[in-house]
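Below is one structure; the comments refer to it alone.
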Amino acid sequence: MATTTTNLISPKPVKIWINDILIEAEDNQTILQVARNYGIHIPTLCYLEDVTPTGSCRICVVEIEGAPKPVPSCCTFVKDGMKIYTNTPRIQTIRKVIVELLVANHDMDCLYCERNGNCELQDLAGIYNIRGHRFLGSKRQNPLDQTSMALVRDPNKCILCLRCVKVCDEVQSVHAIDVTKRGFESIVTSTFGKTIHESSCVLCGQCVRVCPTGALKERDVSTEVMEAIDDPNTVVTVQIAPSISVTIGEEFGIPVGTDVSGKLVTALKRMGFNAVFDTVFGADLTVLEEANELVKRIKNGETLPLISTCSPGWIKFMEHEFPDLIPHMSTCKSPMSMQGAIIKSFWAEKKQINPKRVYQVAIMPCMAKKFEAERSELVNDGLPNTDAVLTTRELIRMIKKFGLDLKMLPDSKYDDPLGESTGAGKIFGTSGGVMEAALRTAYWLVNKKNLENLEISQVRGLEGIKKAKIQITPEMTLNCVAASGLKNARIICDEIRAGNPNNYHFIEIMACPGGCINGGGQPRGMDLEVIKKRAQALYDLDKHYSVRLSHENTAVQRLYANFLKELGSHEAHHLLHTHYYPRSERRTK
Amino acid sequence: MSILSFENRNKKLSGGLKKLMPAKISDVLSRFKQGDASELIPVLQAVQSEYGYISEDNTYEIAEYLNLPSSKIYGVATFYAQFRLEPLGRHVINLCTGTACHVKGSEKLIPVFEQELKCKAGETTKDGRFTFNLVACLGACALSPVVNIDSDFYGNVSPSDVKKILRKYK
Amino acid sequence: MKLKEMKVMTEKISRKKGTTKKTRSTNINEIDKNTNNKNANSKNTNNKIANSKNANSKNTINKKAITLTQDQYRKAKHIQNSKPIIFIGMGTCGLASGAQATFDTFRSEALKYKLDIEIIPVGCVGSCFLEPIVDIKLPGKARVAYKQITSDKVVEIIQRTLQKEEIIREWVLGKYPVEPSSSDEDFSDIPLISDFEFFKNQKKFVLSRCGVVNPRSFEEYIAYEDGFKALAEVLEEANPQKVIDDIKTSGLRGRGGGGFPTGQKWQFCRDAQSPDGQKYVICNADEGDPGAFMDRAVLESDPFSVIEGMIIMGYAIGASKGIIYCRAEYPIAIKQLTNAISICSERGLLGKNILNSGFNFEIEIKKGAGAFVCGEETALIESIEGKRGMPRIKPPYPATYGLYGNPTNINNVETIAQIAKILNYGPAKFAEWGINKSRGTKVFSLTGKIKHAGLVEVPMGITIREIVKIGGGIPNGKKFKAAQIGGPSGGCIPAHLINTPIDYEELKEVGAMMGSGGLVIMDESTCMVDTARFFMKFIQEESCGKCIPCREGTRRLLEILTKLTQKPKNDYEVVDRMKSMISLKELAYVIKDTALCGLGNSAPNPVLTTLNYFRDEYEAHLYENRCPAKACIGLLSFRIDAEKCVGCGLCKLNCPNDAILGEKKQAHYIVEEKCVKCGLCKSNCKFNAVILE
């Protein structure tokens, strides 16, 4: 990531002036970093934290006393004695013209655009008082790409900030897209202009999260969901993923990290959903099946390490890039699909509803779940496990459309029996959570008693790769690793290919850096502090749950007793397990 | 205009398939260091000089050989003007759409050619026989509409002439 | 031969070389006839003797590879040649004028006439308007240059000059002086080629070997002007810092356009820390400015000078690898460079332990792939690394973080080609040419509305007026209007500033820049708005697309300029044109201020200078829809002069759009709305009745 070889190693304190205010900083900080620390606003477009700055949009330029031309603040390091001015008339003119140039080559359909009201370009046009078109001329004319069931790409709204390319390259190492052609004709696309559907894109949606305009968005299915709700013959069930309740409040003025589960249930009920379930129940199911699978593989000397499979972005990535590792993948479905399968069988039967009438919706922080819902293997008895997936962003829009102020709503409870949950399942929403939950149950499966300390802190936190050694019995110590972000996934997979030198037994992989709390379907923004708070909220909830172990979920116990018979049974396999297959598109072939 | 330049220009335009593109280009690739990403542009230049263009399959083979993502290779190949990603036909048709030719009816010829060749302007026929280009001005306005195929010039071309002209070229 | 005898032999030759050097100064190109030059030469010889005295206290190098025997020297200089030698200028200009046909005809006709001749292809002497140029050296006589020898003239040359030893006076361009040590006969009545009008006021320094030597001959490179002598001395001195100090003393500034002091640039790179000890030097041969071909001439005609310059540069900086990045559109240049590198490697001038000095250096050629922006330093580096040629942010500069993250120095061909010559000639002496902070000479490709277009090398400080004079002035009785200097990054210098000297700072003062050497002369038939539009179109097509000001901004500037050169079709367009012009300056200044690289931030220069100096033309385009130079077809109308028209009907017959009405033998009339401005009527009319206004 080096843009300079100097001063990254041992920073020295420096004194600088920004807008005649004396500030103390270190010489390994850029002007932009210092300004942000002191609340001095400098607009940016192509800048993205944790990714190499390229200084290409030029809107962050600032004047430095003594320098002949303005310099980009995102990639200029501070020096002792520097005098910086961020808002001179020259800079203001520059910013205005740059925004005007972008607007001149942009679709002017803000009123029809999904980003209306939350678009970075729109905000800049507002701040810099853009009135009228000064530079109207030729505009991009590229076709829309709506081939994927998860992601929609509109190149005419692209401002070529290349944040999506940087994320796909540097954070996810998927390399599905790159900027092609040159100059005014430049366009971000995949090899030979393939559509998203044909390319090696894994639909993780990280690019969507960082896109400043409406060039990248999810395929919005809220209309279909509303039609289902309005249809008197359809029973619409909905399940909510664990990370949603600690995220969605942010959009309604509720402090970051507050759990709004109860209010969310009320909102959904008022919107007309017939039954509201908690995906954490499904997570508990997953824990049981997967822990059972792990223990069985260890006892029988079967393929190890076992790799978790809750993350559909990771699954698609594996199918493209590492199909040889399929035998390592857990055959367990994700919580969402397990839950969906149970709803359309067990629950429908219990409620005496024809399963064909059930329209199962899932609210997910994830874009790739839309792809998961369409997988032909995730169908039981002719019915798909999930009919529609709404991302957090889509749900926020729906709630607002219904005029519901989440803050003011009273709490409601999830519907039984698929509403009972545990702390273990709740922490699925953050990286390391699946592993921790599964280990708690694996320990119990082997020892028939619980771990002394349920919290496995080595796998907590936002680092990309977290390792832990857990002693199950005096003879069995498990080497575990939790990786988030596909670049880290690639590192772990390469290790397994090379013969698993670290002798891992159990691996958790999540496609999104930090886990689902930072998923592709979550509200946009890369604020690390916010993500940390969401993760912390999940762990706090776990602490306060009365039941913290998946195998102690009574509803799950009843499910097995009355329906699934036992762990890994034929019924369990039929409903709760799946398989994978290699895909032809790879980043190199 | 200097003496040879016109002929030279035509030589460049009538590329033609140099050699038939094989299934694998490993003989070209083996001249370069495996896994060395900085060899990408020389590799692309070598492939193009052997076979006249770079195909989609080549891109994946190069990606594998140099350990680069195919999207990066496509990004590089489309950046530089030199690289062609589609083969030129054995014969190159240049239909002049300069002002004089344009109003003398060259526009009427476009759909005629497209129908005969079964490809659009700017593309190459499926059998690799022709590449059909629209060019700005061939400098022979007195004979508009003008069509140039390889080093032959045809003036006053009417839609009924098209089939006859094309038949001459295998 | 015994060792002692060999030593005596070599000393004799080196002394002889000393004397020939003196007369070489009056060889084609030297114009500076003052005594300083002569003193410099004798000082050089003294230095050489002094150096050889001190050789033992520094590096013991082995000069065998670059030392010519007396026979080799004579052969290289064609002294007392036994058979006639035909030198044919076969650089790209020569070839475009038919030199290949000339070459082939000489070969075939010589066989027919049963003549034993030697044909040597040489490079480009710079007078492109006289190509193909053929020099003939009859046995034992001076070398004479003939001009415009197309293949149809070959037989006559064979019959008259080769067989009868008759010099065909009408075809003579000039003679080369005979080597004083030889007994070659001179032609007293033929003028020296250096006195030819075109060359008289030039100062050939960088181009001194071009068109004279065989670019593929290692021996000729050494024989003419002491090739590789500078390298040997540098390696012998074993003091890289001194080399840099010498270059600093010379005052040499980058000739690629930036004008950054070369010595200082080398110093930065030398002082920089490399993570693994590796440093690189790169020769930027991606000459992309439209209308500039100085570098091409040097690469095609004198490639060894670039090689020697690069090895010296590598030594001074501490780099063991050199790369020449040459645009693919120069195949002959690449061919000559490849040959030169191969020969140098064979002779031990490249590779390990060069001339036994312990210095290792290798050169690789990388071809460009068709992107003008790759002439920018950091984009060039990206291209060598196999990526899209998109410039990097600076700082960090390539001197600290360049190719693969290592310190890298990049210089232009013209800069590198003169390194050895400067060291030979003496840096302090070199610094005496020029004015203010611009020292030495500059090569320009003089083109456009000028009688004699070609390559001219002039001392810094010469005025534009004097360069126009060298080119023979404006043809067809027209007047000088402006000189575009610096290509698409440069600016126009109007007639009232024609006495502006060629000096980096003075040119910047008037809004232009030195650039790489493109110099386009314009007369009153050139439209300045169209010129600005032309350069903007070029920039737009070559923009890499990374930053918003260049990618989007130059497109909008182009659209504004294009609108100006066309008639507005309705009221909306009239207002639109006016509004655009009002925003033009602000947009241009923002692009200048914020574009990421040199291509972008100099893109508005042509517009801004033409707007500054030719505002009236812009106003005529804008307010009157009129192009004063009558060049913008979009604003012109064709009209038939009823008094001249005889009604022959030829125009009507040929009109592609039936826009001409008229009966036989009656004055015809052009309907403006239908006219597509193809100009066929005007070119066909035998009575000059069609007027363009």
A:GLU463 - would you say it is farther than 30 Å from A:GLN172 by Cβ and open to solvent by 50 Å² or more (accessible area, probe 1.4 Å)? no
Of the residues in the stretch C:238-274, those that are touching a helix residue (DSSP H, G or I) at 6+ places or on another chain (Cβ under 8 Å), open to solvent by 30 Å² or more (accessible area, probe 1.4 Å) and under 25 Å from C:LEU507 (Cα atoms) number 6
With the condition kept exactly as written, say whether any residue in the stretch C:402-417 is more than 30 Å from C:GLY386 (Cβ to Cβ) and among the small types (Gly, Ala, Ser). no
Could you check the stretch A:262-308 and list, in sequence order, the residues that are without any contact (Cβ under 8 Å) to a residue 24 or more places away in the chain and touching a helix residue (DSSP H, G or I) at 6+ places or on another chain (Cβ under 9 Å)? A:LYS299, A:GLU302
Inspect the stretch C:583-591 for any residue being of a type in the set (D, E, K, R) and over 30 Å from A:PRO70 (Cβ atoms) and give the result as yes or no. no
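Determine whether A:ARG131 is open to solvent by 20 Å² or more (accessible area, probe 1.4 Å), more than 14 Å from chain B (Cβ to nearest Cβ) and out of contact with any strand residue (DSSP E or B) (no Cβ under 9 Å at 6 or more places or on another chain).
The answer is yes for A:ARG131.
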Helices (runs of 4 or more DSSP H) enclosed by the stretch C:370-429 - at least 3 residues per element that are open to solvent by 10 Å² or more (accessible area, probe 1.4 Å) and more than 13 Å from chain B (Cβ to nearest Cβ): C:419-425
Evaluate the stretch A:348-360: report whether one residue or more is of a type in the set (Val, Ile, Thr), within 17 Å of the chain's Cα centre (by Cα), in the same structural domain as A:GLU436 (by TED's automatic domain parsing) and not in a helix (DSSP H, G or I). no
Which pairs do you get when a residue that is touching a residue at least 12 places away in the same chain (Cβ under 8 Å) and over 23 Å from C:ASP116 (Cα atoms), found in the stretch C:160-180, comes within reach of a residue that is of a type in the set (Ser, Thr, Tyr) and open to solvent by 40 Å² or more (accessible area, probe 1.4 Å), reach meaning Cβ atoms under 8 angstrom, with the pair 6+ apart or on two chains? C:PRO177/C:THR23; C:PRO177/C:THR26; C:GLU179/C:THR23; C:PRO180/C:THR19; C:PRO180/C:THR23
Identify all residues within the stretch A:43-63 that are touching a residue at least 40 places away in the same chain (Cβ under 8 Å), of a type in the set (A, V, I, L, M) and crowded, with 23+ Cβ neighbours inside 10 Å; write none if there are none. A:LEU45, A:ILE59
List pairs: first in the stretch A:139-159 and farther than 21 Å from A:SER200 by Cβ, second assigned to a helix (DSSP H, G or I) and small (Gly, Ala, Ser), Cβ under 8 Å, 6+ apart or cross-chain? A:LYS139/A:ALA104
Members of the stretch C:90-119 found to be within 14 Å of chain B (Cβ to nearest Cβ), farther than 16 Å from C:VAL155 by Cβ and either in contact with a strand residue (DSSP E or B) (Cβ under 6 Å, 6 or more places away or on another chain) or in a helix (DSSP H, G or I) (or both), listed by number: C:MET90, C:THR92, C:CYS93, C:GLY94, C:LEU95, C:ALA96, C:ALA99, C:GLN100
Of all residues in the stretch A:469-517 being charged (D, E, K, R) and open to solvent by 10 Å² or more (accessible area, probe 1.4 Å), which is nearest to A:SER243 (Cα to Cα)? A:LYS487
With A:LYS166, A:LYS157, A:LYS139 as the choices, which residue is touching a Ser or Thr at 6+ places or on another chain (Cβ under 8 Å), charged (D, E, K, R) and within 14 Å of chain C (Cβ to nearest Cβ)? A:LYS166
Residues that are more than 30 Å from A:MET108 (Cα to Cα) and open to solvent by 20 Å² or more (accessible area, probe 1.4 Å): list the helices (runs of 4 or more DSSP H) wholly contained in the stretch A:199-292 that include at least 3 such residues. A:261-271
Take the residues in the stretch A:294-312 that are in contact with an Asp or Glu (Cβ under 9 Å, 6 or more places away or on another chain) and assigned to a helix (DSSP H, G or I); name whichever of them is modelled with the highest pLDDT. A:PRO312
Got a number for residues in the stretch A:323-348 being open to solvent by less than 10 Å² (accessible area, probe 1.4 Å) and closer than 14 Å to A:ALA275 by Cα? 5
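Residue by residue, here is whether (1) open to solvent by 20 Å² or more (accessible area, probe 1.4 Å); (2) of a type outside the set (S, T, N, Q); (3) more than 22 Å from C:PRO494 (Cα to Cα); (4) within 13 Å of chain A (Cβ to nearest Cβ) holds:
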position: C:ILE560; (1), (2), (3), (4): no, yes, yes, yes
position: C:LEU564; (1), (2), (3), (4): no, yes, no, no
position: C:LYS567; (1), (2), (3), (4): yes, yes, yes, no
position: C:ILE591; (1), (2), (3), (4): no, yes, yes, yes
position: C:LEU599; (1), (2), (3), (4): no, yes, yes, yes
position: C:ALA603; (1), (2), (3), (4): no, yes, no, yes
position: C:THR610; (1), (2), (3), (4): no, no, no, no
Every residue in the stretch B:146-165 that is in contact with an Asp or Glu (Cβ under 9 Å, 6 or more places away or on another chain) and open to solvent by less than 10 Å² (accessible area, probe 1.4 Å), please. B:VAL147, B:VAL162
Taking into account only those residues within the stretch A:529-551 that are of a type in the set (S, T, N, Q) and out of contact with any helix residue (DSSP H, G or I) (no Cβ under 7 Å at 6 or more places or on another chain), which is nearest to A:MET435 (Cα to Cα)? A:GLN536
Of the conditions (1) touching a helix residue (DSSP H, G or I) at 6+ places or on another chain (Cβ under 7 Å); (2) more than 9 Å from chain C (Cβ to nearest Cβ); (3) modelled with pLDDT of 95 or more, A:ASN116 satisfies every one except a single condition; which number is it? (3)
Here the residues within the stretch A:527-566 that are crowded, with 18+ Cβ neighbours inside 10 Å and assigned to a loop (DSSP other than H, G, I, E, B) are A:ARG548, A:LEU549, A:ASN553
Against the definition (surrounded by fewer than 20 Cβ atoms within 10 Å (Cβ to Cβ), in a loop (DSSP other than H, G, I, E, B) and within 14 Å of chain B (Cβ to nearest Cβ)), how does C:ASN688 come out, yes or no? no
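Quick one: how many residues across the stretch B:42-86 are of a type in the set (Val, Ile, Thr) and at the interface with chain A (Cβ under 7 Å from one of its Cβ atoms)? Break it down into steps so the answer makes sense when it comes.
Going residue by residue through the stretch B:42-86, those that are of a type in the set (Val, Ile, Thr) are B:43, B:47, B:54, B:59, B:62, B:73, B:76, B:78.
From the residues that got through so far, the ones that are at the interface with chain A (Cβ under 7 Å from one of its Cβ atoms) too are B:59, B:78.
Residues in the stretch B:42-86 being of a type in the set (Val, Ile, Thr) and at the interface with chain A (Cβ under 7 Å from one of its Cβ atoms): 2 in total.
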What tally of residues in the stretch C:337-360 results from selecting those that are outside any helix (DSSP H, G or I) and either crowded, with 23+ Cβ neighbours inside 10 Å or at positive phi (or both)? 5
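Give the stretch A:260-288 a look and list any residue that's more than 15 Å from A:THR422 (Cβ to Cβ) and of a type outside the set (Gly, Ala, Ser), or say none.
A:VAL260, A:LYS263, A:LEU264, A:VAL265, A:THR266, A:LEU268, A:LYS269, A:ARG270, A:MET271, A:PHE273, A:ASN274, A:VAL276 - these are the residues of the stretch A:260-288 that are more than 15 Å from A:THR422 (Cβ to Cβ) and of a type outside the set (Gly, Ala, Ser).
The values are calculated or read from the model by the stated rules, or taken from the named source; none is laboratory data. These numbers were taken from a predicted model, which means no experiment stands behind them. In this analysis, Cβ positions are derived from the backbone assuming ideal geometry, glycine residues included, and neighbour counts consider all displayed protein chains. Accessible surface areas use protein heavy atoms only, side chains included; no ligands, DNA or RNA. Shrake-Rupley method; radii C 1.70, N 1.55, O 1.52, S 1.80 Å.
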